[in-house]
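Engineer: Dropping a structure here in structure tokens format, bear with me for questions.
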Amino acid sequence: MNRVSLVMIIHDHQPVGNFDGVFRAAYDDAYGPFLGFLESHPEFRIALHTSGPLLEWIADHESQYLSRLRALVKRDQVEPWGGGLYEPILPAIPEADRHGQIRALADRLERDLGRRPRGLWLTERVWEPGLASSLARAGVAYMAVDDAHFVAAGLERESLWGHYATEDQGQRLSIFPIHRELRYSIPFGEPKDTKKTTLDQFVREAKKSAGKKLELVGRRSIETLNEMSAVFLPGDRLLASAGLVPVYYWFVRDLSAPEIARAREFLARFEEERGENRRLVTDAPTSKRIDSELLEYDNYNRSTNDEVSHNARIRILRRRFKSFLGARKPTR
């Protein structure tokens, strides 16, 4: 009988310089309770990537978390994954710095959890083929990348039910494809969507390679990406920050065709207003012209992987887009 294995890799991250209250809320709401869940379900095995800034905060404020997690690593329930210590975009920094960042996090994980990582979490999933040799030389054995890279290389999405090998300059690296629909549904969907019954259905559909539910989700995702291509340009400066891509995805997803036609004009103006507002805060911090809502957006934008931040930024964008459309209705 054919079997499909679901490899679960959890990514826990808070960016450098985030507010202490955000760290605390995320720990109390997510990291702490999830560790308790793992302790009470020893049969549930995962890989876990915890970024350097979050590890440092936990060591300073919740050190017992590390000793508890170390016990799960020792019993082979949790496999720690590495990465760059402070979450750098790896292709964007020199190789010496790349190796230094990877080594620094690996050293810390080995010290705190008793095991040196062999897997690597790729920051913002930014991949270039030349990374294979660089990461292999840094001691990385395997990692995960978006399944879009496999499709671009000529593979069919329906066949991506395993892991693959790539190489550069004679250096070999194993890579796992990240399933697109699950990647979007797990952080942004309802909790019931990830219940065991749904995962069972996913496995059945995977075996058939033609599940109707995944097909519908995939079709809707492709439709939204096509709509985004009508808004954004190749190398678009509006997409300079990878953390904004999922926000723009959900912003564009519910727009009508006439609204999509106006979306780029709005977003370009919105970014100009944000820049002007930041300059005003620096040059005239007591000015009454400072837009508090834009400041709120900027604050949320510092924590791009937080669901509260994600939803708040979309809410602000939709509210201001509605005002933008209302202010520019044609007169008769």
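The values are calculated or read from the model by the stated rules, or taken from the named source; none is laboratory data. Predicted, not measured: the structure shown is a model, and the values here were computed from it. Here the Cβ positions follow ideal geometry from the backbone for every residue, glycine too, while neighbour counts run over all protein chains shown.
Engineer: Looking at Gly130, Gly139, Gly162, which is the one that is farther than 23 Å from Leu48 by Cα and not aromatic (Phe, Trp, Tyr)? Lay out the reasoning, then the answer.
Structural biologist: Working: Gly139 fails: farther than 23 Å from Leu48 by Cα; Gly162 fails: farther than 23 Å from Leu48 by Cα.
Only one candidate passes the filter, namely Gly130.
Engineer: When you check Glu271 against the structure, is it among the acidic types (Asp, Glu) and within 24 Å of Glu307 (Cα to Cα), yes or no? Show your work before the answer.
Structural biologist: Numbers: among the acidic types (Asp, Glu): yes; within 24 Å of Glu307 (Cα to Cα): yes.
Yes; evaluated as a whole, the condition is true for this residue.
Engineer: Separate question: Inside region 138-157, can you point out the residues that are over 18 Å from the mean Cα position of the chain (by Cα) and of a type in the set (A, V, I, L, M)?
Structural biologist: Within region 138-157, Ala138, Val140, Ala141, Val151, Ala152, Ala153, Leu155 meet the criteria.
Engineer: What are the residues in region 133-168 that are under 15 Å from Gly119 (Cα atoms), surrounded by 14 or more Cβ atoms within 10 Å (Cβ to Cβ) and aliphatic (A, V, I, L, M), if any?
Structural biologist: Leu135, Ala136, Ala138, Val140, Met143, Ala144, Val145
Engineer: From Arg237, Arg279, grab the single residue that is modelled with pLDDT of 90 or more and basic (Lys, Arg).
Structural biologist: Just one listed residue meets the conditions, Arg279.
Engineer: Tell me whether region 264-278 contains one or more residues that are touching a residue at least 12 places away in the same chain (Cβ under 8 Å) and not in a helix (DSSP H, G or I).
Structural biologist: Scanning region 264-278 turns up no residue that is touching a residue at least 12 places away in the same chain (Cβ under 8 Å) and not in a helix (DSSP H, G or I).
Engineer: Also: Here is a list: Leu244, Leu267. Which entry is at pLDDT below 85 and either within 28 Å of Pro88 (Cβ to Cβ) or in the same structural domain as Arg125 (by TED's automatic domain parsing) (or both)?
Structural biologist: Sole residue among the options that is at pLDDT below 85 and either within 28 Å of Pro88 (Cβ to Cβ) or in the same structural domain as Arg125 (by TED's automatic domain parsing) (or both): Leu244.
Engineer: Kindly evaluate Asn311 against the criterion of being surrounded by 16 or more Cβ atoms within 10 Å (Cβ to Cβ), under 25 Å from Thr123 (Cα atoms), modelled with pLDDT under 90 and not assigned by TED's automatic domain parsing to the domain that holds Glu87.
Structural biologist: Values: surrounded by 16 or more Cβ atoms within 10 Å (Cβ to Cβ): no; under 25 Å from Thr123 (Cα atoms): yes; modelled with pLDDT under 90: yes; not assigned by TED's automatic domain parsing to the domain that holds Glu87: yes.
For Asn311, the condition - surrounded by 16 or more Cβ atoms within 10 Å (Cβ to Cβ), under 25 Å from Thr123 (Cα atoms), modelled with pLDDT under 90 and not assigned by TED's automatic domain parsing to the domain that holds Glu87 - is not met.
Engineer: If I filter region 270-298 down to residues being of a type in the set (S, T, N, Q) and surrounded by fewer than 14 Cβ atoms within 10 Å (Cβ to Cβ), which single residue comes out as nearest to Asp12 (Cα to Cα)?
Structural biologist: Taking region 270-298 as the starting set, the residues that turn out to be of a type in the set (S, T, N, Q) are 277, 282, 286-287, 292.
Within this subset, residues satisfying the condition of being surrounded by fewer than 14 Cβ atoms within 10 Å (Cβ to Cβ) are 282, 286-287, 292.
Details: Thr282: 32, Thr286: 37, Ser287: 38, Ser292: 30 Å.
The qualifying residue nearest to Asp12 (Cα to Cα) is Ser292.
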